[in-house]
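Each remark here refers to the structure printed beneath this line.
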Amino acid sequence: MTPEQYVQQKAAASGSSFYYAFLFLPPARRAAITAFYAFCREVDDVVDEVSDAGVARTKLAWWQAEVARAFAGQPPTHPVMQALMPHTALYGIEERHLQAVIDGCQMDLEQTRYLDFAGLSRYC
C-alpha cells in the first residue's frame, strides 16, 4: 500500500462527512487535505483507542519526534507523514501546526472539561 492509499483509506474509514467534502476539491488540494486529515485521525486515535494514558503519552511523543524529524529534512517513517510532507510547502503547513494538533490530543489525556472560555479557547 502506498502512503497515498494509506491516507485515503484512513480518511474514508473515519466515516466523517469531511472525507466526502474533500472529493469536490481539485486533485492536488484533495491529496493535501486528505493527508492532513489522516494525520489528525492518527494522532487523535492514539488518545481515543489507547486505554493506558502512559502508553498514549509515549505514542504522542513518538509523533512529536516524527514531525520534528520530517521538518528537519529527514525522511518520515510513517505513511501519513510520507503522504503529507510533499504538500507542506505549497499549502503553508508548518511543523508548529502539526505539533499543535498533537498538543491538543495530549490535553485530552489530562482534562476533558473546561470551566472557562480561556481554557476552552486554548484547547481549540
>> Pairs please, first residue from the range 50-76 and closer than 16 Å to Cys105 by Cα and open to solvent by 60 Å² or more (accessible area, probe 1.4 Å), second anywhere and β-branched (Val, Ile, Thr) and in a loop (DSSP other than H, G, I, E, B), Cβ atoms under 7 Å, 6+ apart in sequence or on different chains.
In response: Lys59/Val50
> Can you name the residue in the range 23-42 that is among the aliphatic types (A, V, I, L, M) and not in a helix (DSSP H, G or I) and is also modelled with the lowest pLDDT among such residues?
Replying inline: Leu23
>> Report every pair of residues separated by at least 6 positions or lying on different chains whose Cβ atoms are under 9 Å apart, first residue within the range 13-42 and farther than 18 Å from Ala89 by Cβ, second in a loop (DSSP other than H, G, I, E, B) and open to solvent by less than 60 Å² (accessible area, probe 1.4 Å).
In response: Tyr37/Ser14; Tyr37/Ser16; Ala38/Ser14; Arg41/Ser14; Arg41/Ser16; Glu42/His78
> Quick one: is Thr88 open to solvent by less than 30 Å² (accessible area, probe 1.4 Å) and either touching an Asp or Glu at 6+ places or on another chain (Cβ under 8 Å) or assigned to a loop (DSSP other than H, G, I, E, B) (or both)?
Replying inline: yes
> Restricting attention to the range 43-68, which residues are more than 20 Å from Tyr91 (Cβ to Cβ), assigned to a helix (DSSP H, G or I) and either in contact with a Phe, Trp or Tyr (Cβ under 8 Å, 6 or more places away or on another chain) or of a type in the set (D, E, K, R) (or both)?
Replying inline: Asp44, Asp45, Val46, Asp48, Glu49, Arg57, Lys59
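The values are calculated or read from the model by the stated rules, or taken from the named source; none is laboratory data. Bear in mind that the values here come from a model prediction, so they are computed numbers and not experimental data. Every residue, glycine as well, gets a Cβ built from its backbone with ideal geometry; the counts of neighbours run over all protein chains shown. The protein model used for the area step is the full one, side chains on, heavy atoms only, and it has no ligands, DNA or RNA in it. Shrake-Rupley method; radii C 1.70, N 1.55, O 1.52, S 1.80 Å.
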